[in-house]
Amino acid sequence: MNPAVMVGEERVSRPFASLSQPLVPTRTPLLSGANPEAKREEVRRYFHQTCELYDRLFALIRDDASYFERHEPLRHPLIFYFGHPAVFYVNKLVAGRMISSRIDPRLESMLAVGVDEMSWDDLNAAHYDWPSVRTVREYRNRMRRLVDDFIGTMPLELPIRQDSPAWLILMGIEHERIHLETSSVIMRQMPLDELRHGDELTDEERRLWQTCPDRGTPPANEWLPFPGATVRLGKPATDDTYGWDNEYGVDEVHLPAFRAARRLVSNAEFLEFVADGGYRDDSLWTDEGRGWLHYTRAEHPKFWVRRGDRTLQRNLLDEVPLPLDWPVEVNCLEAQAYCTWLARRTGEHVSLPTEAHWQALRATVPGDQPTWTTAPGNVNLERFASSCPVTAFPQGDFCDIVGNVWQWTRTPIMPFKGFEVHPLYDDFSVPTFDGRHNLIKGGSWISTGNEALASARYAFRRHFFQHAGFRTIVEEPGSIAETAGSRLYETDQLVTQYLEFHYFDAASAGAAAPLGVPNFPRACVEAVMPHVPADRRDRCLDIGCSVGRSALEFARHFSHVDAIDFSARFIQAGVRLQAGDEVHYEVPTEGELTVSRAISLDRLGLSAVGDRVSFLQGDACNLKTMFTDYDLVFAGNLIDRLYEPGLFLSGIANRIRAGGLLAITSPYTWLEEYTPRAKWLGGRREGGEPLSTFDGLSASLAGGFSLVHRADIPFVIRETARKHQHSIAELTIWRKA
């Protein structure tokens with residue numbers, strides 16, 4: 001662990017590496033090497049080039065007012081995306097206890113979460129007092145100085161592994177490169193006059209953001225035979241490039257022989273589907289597709305623009321007559337409908353490929369991004385800032401296996417065997433393991449860094465738009481490759497343990513309570529509610545809500561409950577149940593033996609109150625300003641797992657109404673793994689005298705709160721049928737003056 005970097009300290013920083021030389025979009029670095037100091041400079045250069053490239057994309061926005069418009073209804077305005085990657089670095093360094101203080105706590109809370117339209121994202125504009133563009137720009141510069149200093153002082157051993165400080169920096173870099181692409185998708189939906197283009201650009205900007213000039217008529221597409229193969233999926237832990245959690249693990253798929261289209265589906269091919277009434281024929285669409293179609297009233301792909309009797313295509317910085325030989329860009333639902341239409345016309349079993357099909361094709365393209373002399377396709381920003389003809393980049397017998405546009409697959413993203421989340425970013429993949437997010441493969445023209453690797457696995461909701469198109473395949477009857485299903489089966493060991501802890505109800509299951517101890521979340525709610533006056537039951541905050549049982553139980557009594565947890569893995573379980581899904585999981589009995597559980601709100605008698613709960617992700621020590629005005633704040637077994645519990649207590653006071661309650665439960669098991677010893681509220685000596693946590697709590701809350709109630713509540717966490725953790729939490733209830 002490096003010495004803490006003090007944010008407020010003035011220092012002379014080295015100049016940013018990319019400001020004194022032409023910008024070259026770099027490839028993701030290798031994790032190995034012989035010289036740690038040379039690798040340190042490589043990581044530093046990669047960091048600054050990433051920040052500079054991101055700034056250059058946003059420099060295309062002409063007026064500050066455009067940053068605050070919602071150009072994509074399912075995403076925040078661009079001011080969020082301008083700042084989000086920057087606060088990500090700081091939030092992760094704080095969470096990893098690698099820096100001691102923040103740059104701007106308000107921005108680091110407001111701009112922390114909101115990258116996908118997950119149920120726990122808040123997209124209500126009324127909840128945001130967005131910072132100015134100047135404020136975010138200044139923040140980005142301060143972040144660059146902070147991270148530059150951190151890179152210069154962090155301990156570095158090679159190869160870089162997941163517990164290395166350098167891994168956290170690479171995480172921030174690759175995260176920013178993802179948002180380089182997603183932000184460019186939003187910009188394609190902005191009015192052109194809000195973006196600098198044409199003569200407004202410098203020569204260097206024109207080179208970086210140039211549209212492909214080549215357009216024509218594509219030759220007829222054809223399906224080429226591809227032999228059956230056994231495809232091994234998953235990235236080994238020893239791989240020499242940075243990877244996201246969902247890439248690791250292993251799976252093996254036996255693919256029967258199939259035929260794959262030589263080229264991506266072109267605008268010309270898709271135009272036939274449109275002309276044949278494809279958007280008006282409900283029978284071509286899945287149930288999900290019909291819902292999207294009827295809601296949006298779509299008549300053609302998103303980036304096609306109708307001007308009178310002309311059809312144009314909107315690119316990043318221009319509109320051009322529809323390039324018939326460029327790949328069509330659609331969402332997964334449109335791609336699926338096209339496959340159904342083409343199957344009817346040809347009598348073939350036409351479909352999207354699975355992840356394994358794409359990986360089999362990818363194996364025919366030599367090398368990978370870090371070792372390419374030149375990219376084999378329109379990828380890595382090495383060619384154009386737009387698509388190009390589907391014939392432009394042959395890669396063996398096929399074209400554009402890599403690059404041009406992402407390619408939709410029919411595979412919902414699911415973890416490989418051996419999947420483990422990174423402890424500092426558990427919400428990268430977990431929220432997408434819901435059967436509703438399909439994998440895209442191959443990268444687009446603006447995919448850089450990790451995105452351009454063969455092992456990259458990114459997924460989006462099927463109605464979402466990226467720079468994405470598709471390739472068709474044909475499979476023979478009886479040899480259709482299987483895809484991952486969407487059954488909500490929880491396999492994360494810690495989550496399953498807490499699902500059992502929260503939702504197993506011995507009485508309703510007709511079984512004896514473990515060690516005679518009743519369900520803990522229910523017991524907490526039953527102990528707290530007698531102290532809440534009947535006329536003070538409007539708003540409740542369950543902070544550290546875990547998988548959500550206490551929040552749902554509080555919803556029996558309150559009009560609204562905000563349920564917040566730092567972990568997306570935990571939140572997702574509550575969201576699934578709230579959506580009416582039945583969640584299945586296994587609990588160990590002995591050795592390899594397990595017993596199955598199935599839970600739902602119907603079974604628990606909680607379905608009537610599910611819509612009163614909002615599950616959200618957040619940091620208890622740095623909550624967004626909108627979380628306020630509560631009659632009750634419940635912090636269940638949270639206080640001794642915070643990195644700065646005193647900061648939480650001082651901040652939470654302002655979020656409770658006068659006369660409102662703060663209820664805290666904890667077994668007071670302080671560990672330096674979670675909380676630095678100097679920040680423990682108790683369980684240590686102060687001035688040579690023993691300090692209990694209750695005394696520490698009392699001192700922290702003195703002046704603003706008075707003690708209402710104090711009691712013990714036991715709880716049991718099951719490990720196996722015959723092994724349980726038996727603990728006793730102390731419940732203290734405090735009333736705000």
Problem set entry | Inter-part distance where the stretch 24-77 and the stretch 355-396 are each reduced to a Cα centre, Å | 22
Seminar exercise, completed: Given unit charges at Cβ for Lys, Arg (+) and Asp, Glu (-), the dipole magnitude of the chain about its Cα centre in debye, nearest 20, is 720
For this session: Determine ³J(HN,Hα), in whole Hz, for all residues of the stretch 640-653 in sequence, where each value follows from phi through the Karplus function 6.51 cos²θ - 1.76 cosθ + 1.60 and θ = phi - 60°; x replaces Gly and Pro.
Result: 8, 10, 9, 6, 8, x, x, 5, 4, 5, 5, x, 5, 4
Problem set entry | Extension gain (nm, one decimal) between ASP203 and SER692, 0.36 nm per residue minus Cα-Cα | 169.4 nm
Exercise. Sorted from largest down, what three extents in whole angstroms do the Cα atoms of the chain have along their principal axes?
Worked result: 80, 65, 53
Problem set entry | Added length on full extension, which subtracts the Cα-Cα distance from 0.36 nm per residue, GLN210 to THR374 | 57.2 nm
Problem set entry | Helix axis angle, 287-296 relative to the chain longest principal axis, alpha carbon, degrees | 80
Exercise. Taking every DSSP beta bridge that has both residues in the chain, what percent is antiparallel when rounded to the nearest 5?
Worked result: 70
For this session: Using just the alpha carbons, could you tell me how many Å³ per residue the convex hull of the stretch 17-208 encloses?
Result: 128
Exercise. What spacing in nm lies between the two simple spin-label points modelled at ASN654 and ALA257, each 7 Å away from Cα in the Cβ direction?
Worked result: 7.0
Problem set entry | Extension gain from ARG134 to ALA65, taking 0.36 nm per residue of separation minus the Cα-Cα distance | 23.7 nm
Problem set entry | Highest-first arrangement of 213-222, 540-549, 565-574, where packing means the average Cβ count within 10 Å | 540-549, 565-574, 213-222
Problem set entry | Cut-off 12 Å, label 7 Å out along Cα→Cβ of GLU476, residues of the stretch 242-273 by amide N | 256-259
For this session: Quick one: go through the stretch 588-603 and flag any residue whose amide nitrogen is under 18 Å from the point 7 Å out along the Cα-to-Cβ line of LYS723.
Result: 588-595
For this session: Would you work out which of LEU701, SER727, GLY687 lies farthest towards the positive end of the dipole of the stretch 667-733, given +1 charges on the beta-carbon of Lys and Arg and -1 on that of Asp and Glu, about the Cα centre?
Result: SER727
Problem set entry | In nm, spacing of pseudo-spin labels at ARG436 and ASP240 (7 Å Cα→C-beta vector) | 4.1
Exercise. For the stretch 134-180 and the stretch 668-709, what is the separation of their Cα centres, given in Å?
Worked result: 34
For this session: Largest first and to the nearest Å, give the Cα extent of the stretch 490-736 along each principal axis.
Result: 51, 42, 29
Seminar exercise, completed: Burial-style ranking of 443-454, 95-106, average other-beta-carbon count within 10 Å with highest first, yields 443-454, 95-106
For this session: In vacuum, with every alpha carbon of the stretch 355-451 counted as one equal point scatterer, what does the Debye formula give for log10 I(q)/I(0) at q = 0.10, 0.19, 0.23 Å⁻¹? Two decimals, please.
Result: -0.32, -0.99, -1.21
Problem set entry | Value at 222 nm in deg cm²/dmol, rounded to 500, when DSSP H runs of n ≥ 4 in the chain each add -39,500 (n - 2.57) | -8500 deg cm²/dmol
For this session: Using amide H atoms built 1.01 Å from N in the peptide plane, name the residues 5+ places from ARG62, or on other chains, whose amide H lies under 5 Å from its own.
Result: LEU195, ARG196
Seminar exercise, completed: Helix 332-346 sits off the longest principal axis of the Cα atoms of the chain, rounded to the nearest 10 on a 0 to 90 degree scale, by 40
For this session: Could you please state, rounded to a whole Å, how far the C-alpha centre of the stretch 251-314 is from the C-alpha centre of the stretch 586-654?
Result: 41
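Which of the peptides 231-237, 681-687, 378-384 is most tightly packed, and how do the rest follow, going by the mean number of other Cβ atoms within 10 Å of each residue?
Working: 231-237: 16.9, 681-687: 14.9, 378-384: 22.4.
Put in order of decreasing packing, that is 378-384, 231-237, 681-687.
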Exercise. Once the Cβ-Cβ distance between GLU37 and ASP282 is put in as r, and R0 is 41 Å, what FRET efficiency do you end up with, to the nearest 0.05?
Worked result: 0.05
Problem set entry | Exposure proxy ranking, count of Cβ atoms within 10 Å, fewest first, for LEU701, LEU649 | LEU701, LEU649
For this session: Provide the per-residue ³J(HN,Hα) series for the stretch 691-699, in order, calculated from phi with Karplus coefficients 6.51, -1.76, 1.60 and θ = phi - 60°, each as a whole number of Hz, with x at glycine and proline positions.
Result: 10, 7, 5, 4, 5, x, 4, 4, 5
For this session: Note down the nm distance, to one decimal, between modelled labels 7 Å out along Cα→Cβ at HIS294 and at HIS560.
Result: 3.0
Seminar exercise, completed: Charge dipole of the stretch 233-340 built from unit charges on the beta carbon (Lys, Arg +1; Asp, Glu -1), centred at mean Cα; most positive-end Cα among PRO236, GLN313, VAL253 is GLN313
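Report the convex hull volume per residue for the stretch 123-254, counting only C-alpha atoms, in Å³.
276
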Problem set entry | Using θ = phi - 60° and Karplus 6.51 cos²θ - 1.76 cosθ + 1.60, couplings along the stretch 526-536 (whole Hz; Gly, Pro as x) | 5, 7, 7, 4, x, 9, 9, x, 4, 8, 10
Problem set entry | Residues whose placed amide H lies under 5 Å from that of LEU642, excluding near-sequence neighbours | none
Exercise. Counting only residues 5 or more places away or on other chains, whose amide H sits under 5 Å from the amide H of GLN395 once H atoms are built in the peptide plane?
Worked result: ASP400, ILE401
For this session: For each cysteine in the chain, check whether another cysteine's C-beta sits under 4.7 Å from its C-beta; list those where none does.
Result: CYS51, CYS332, CYS339, CYS399, CYS524, CYS540, CYS545, CYS621
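Readers should treat all values here as calculations from the given coordinates under stated rules, not as data from a laboratory. Just so it is clear, the model here is predicted, and its values are computed rather than measured. In this analysis, Cβ positions are derived from the backbone assuming ideal geometry, glycine residues included, and neighbour counts consider all displayed protein chains.
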